[in-house]
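Okay, so here's the structure we're looking at.
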Amino acid sequence: MKSANILLLCDEASRHTGTVDEHILAFKKFSQHRIVILDSRAAAVLNVDFSMFDAVVFHYSIVIASPAYLPPPLFERLAKFQGPKILFIQDEYRWVDRTANAARALGVSVVFTVVNSDVVRAIYRDPWFDGVRFEQTLTGFVPDTLVARSVPAYEQRPIDVSYRARRVPSWLGGFGQEKWVIGERFLSDSQHYGLTCDIAMTEGSRIYGDQWINFVANCKAVLGTESGASFIDFSGDAQSQVEDYEKSNPTASFEDIQRRFLHGDGETTIHVISPRCFEAAALRTLMILYPGTYSGVLVPHQHYVVLERDHSNMAEVAAILRDQVRARHIIDAVYNEVACSKRWTSEAFVAAFDGVVMEEMTKSPEHKRARATATAQDELFRRYESQSKRRSKFRIASMACALGLQRIARKAGNLAHTCLPGPIADQLVRRSQRIASAAKPLVKRALLGRSDH
């Protein structure tokens, strides 16, 4: 295969999230092409020579419609680039019209979308997209480091069922509410079946990194739903309207918000597999899930225990949990057929991406890459990447400080609840929540701040 030079534009500050960093690094690790990774805002001031590249990739960590990520001078230069321009995008339920307009102005030729294929063109409804190639991808892949990990046997795991989630914004629609409804209902139902559960839906209860992996590996089963949304905010107005209303009416019910602002909720539903499913499969943890298609990866009853949305089959679910033979049969099936399959790996994804790049390059014969000696080219690309990282350091440090402040505030609130009398704890929790909320603009500022420090 002929090797291409590919420029991947991303947001360095967003790489603090493990899944984002893993996705970006997969291109470097597995691609047969030369991948040059640059922070988009750093690229705006580096005077990058685009003629050295065969294709440009916009990673999902940047918002192409936002000048904060693609400043106008950079945007204009990218629009003039004649080679393939490939967009990876997630959160496809918001800023839809703005994103479509930006994609058209940039001349995006390929979109790697995570949404289910039956609704792609209901979201990308502009006729301009008739000429755009859509490729299905996933929000995450099997973590290869977990597949061979030593984990406790099913019967040795002390927790029957675990779950962590948080209330997603109301403007995502009714489908998004399932993420916390499943935990709330299961926790209530489990008391009737004597199940040992560790289920929580507060922000402070979230677990990260190795602690999260150990948590899942020490549970017999985990709950789960498909990721997605049932309300598509084409204009972006619904999000701001709902957020303003909730500030003024903090006790407003979802039904009230849905009636006022979410007209058409449920007409178009994005429903895709969550990366958590791949983690559970690799860690040989039984999955108890609401029924769904799960991006064509998981088969109900074969790869997971089906929990009906009204929880009417809780007795059957509890019986499978207690039947080690039945539980292990499902666990072994999803481990062997999904976790150990090469089909759902980052390597397979990047191989497919490489093929798309080569096919698209043949469609852009007018674009001729500038030639240089291998040594000169390598030196140029190394300099670009080094300067990009240097210019991004301030924003990365700001992001780390803001996130650290949020974590400290949340932990303080949780500790207060555990150790102090009710009235005092409530007062401290409210203060910690105010501190955590105050840190949110700092996180946003770190993400959208200047790149030339």
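The values are calculated or read from the model by the stated rules, or taken from the named source; none is laboratory data. Predicted model only: the values in this text are computed from it and were never measured. As a convention, Cβ positions derive from the backbone with ideal geometry for all residues, glycine included, and neighbour counts pool all protein chains shown. For the accessible areas, the whole protein counts, side chains as well, though only heavy atoms, and no ligand, DNA or RNA atoms are used. Shrake-Rupley method; radii C 1.70, N 1.55, O 1.52, S 1.80 Å.
What the table below lists for this structure:
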{"item": "Label of the coordinate-derived value, mean projected area of the Cα convex hull in nm², listed as [x] 29.8; [y] 23.1; [z] 19.7", "result": "[y]"}
{"item": "FRET efficiency, 1/(1 + (r/R0)^6) with R0 22 Å, evaluated for Ala319 and Arg149 via beta carbons", "result": "0.15"}
{"item": "Along the chain, longest interval not containing exposed GluC sites (Glu not before Pro), exposed being DSSP loop plus at most 15 other Cβ atoms within 10 Å", "result": "1-266"}
{"item": "Protein accessible area in the stretch 71-194, 1.4 Å probe - carbon and sulfur %", "result": "50"}
{"item": "The stretch 360-373 - phi-based ³J(HN,Hα) in whole Hz, Karplus 6.51/-1.76/1.60, Gly and Pro as x", "result": "6, 5, 5, 8, 10, x, 6, 8, 10, 6, 5, 9, 7, 5"}
{"item": "The stretch 321-383 - convex hull of the alpha-carbon atoms, volume per residue in Å³", "result": "154"}
{"item": "Gyration tensor (Cα) of the stretch 17-65, equivalent ellipsoid semi-axes in angstrom", "result": "19, 16, 9"}
{"item": "Accessible carbon and sulfur surface of the stretch 286-374 relative to its total accessible area, %, 1.4 Å", "result": "54"}
{"item": "Sites Thr362 and His192, calculated FRET efficiency, Cβ-Cβ separation with R0 51 Å, nearest 0.05", "result": "0.25"}
{"item": "Length released on extending from Arg328 to Asp244, taking residue separation times 0.36 nm less the Cα-Cα span", "result": "25.4 nm"}
{"item": "Computed over the stretch 270-323, Kirkwood Rh from alpha-carbon pairs, angstrom", "result": "11.8"}
{"item": "Antiparallel DSSP beta bridges within the chain, as percent of all bridges there, nearest 5", "result": "10"}
{"item": "The chain - accessible surface per residue (Å², probe 1.4 Å)", "result": "47"}
{"item": "Sequence-distant residues sharing a close amide H with Glu135 (under 5 Å, placed H)", "result": "Val111, Phe112, Thr113"}
{"item": "Most to least accessible of Phe186, Phe215 (protein chains only, probe 1.4 Å)", "result": "Phe215, Phe186"}
{"item": "Zone residues, the stretch 82-97, relative to Glu135, backbone N less than 17 Å from point 7 Å out along Cα-to-Cβ", "result": "83-90"}
{"item": "Residue-averaged 222 nm ellipticity for the chain, from DSSP H runs of 4+ at -39500 (n - 2.57), nearest 500", "result": "-14500 deg cm²/dmol"}
{"item": "For the stretch 98-245: relative contact order, % (alpha-carbon pairs under 8 angstrom, 6 or more apart)", "result": "27"}
{"item": "Between the stretch 286-308 and the stretch 242-264, the alpha-carbon center distance in angstrom", "result": "31"}
{"item": "Top positive-direction residue, dipole computed over the stretch 38-130 with Cβ charges, set Pro84, His59, Leu106", "result": "Leu106"}
{"item": "Mean projected area in nm² (Cα convex hull; one quarter of hull surface) for the stretch 234-392", "result": "17.5"}
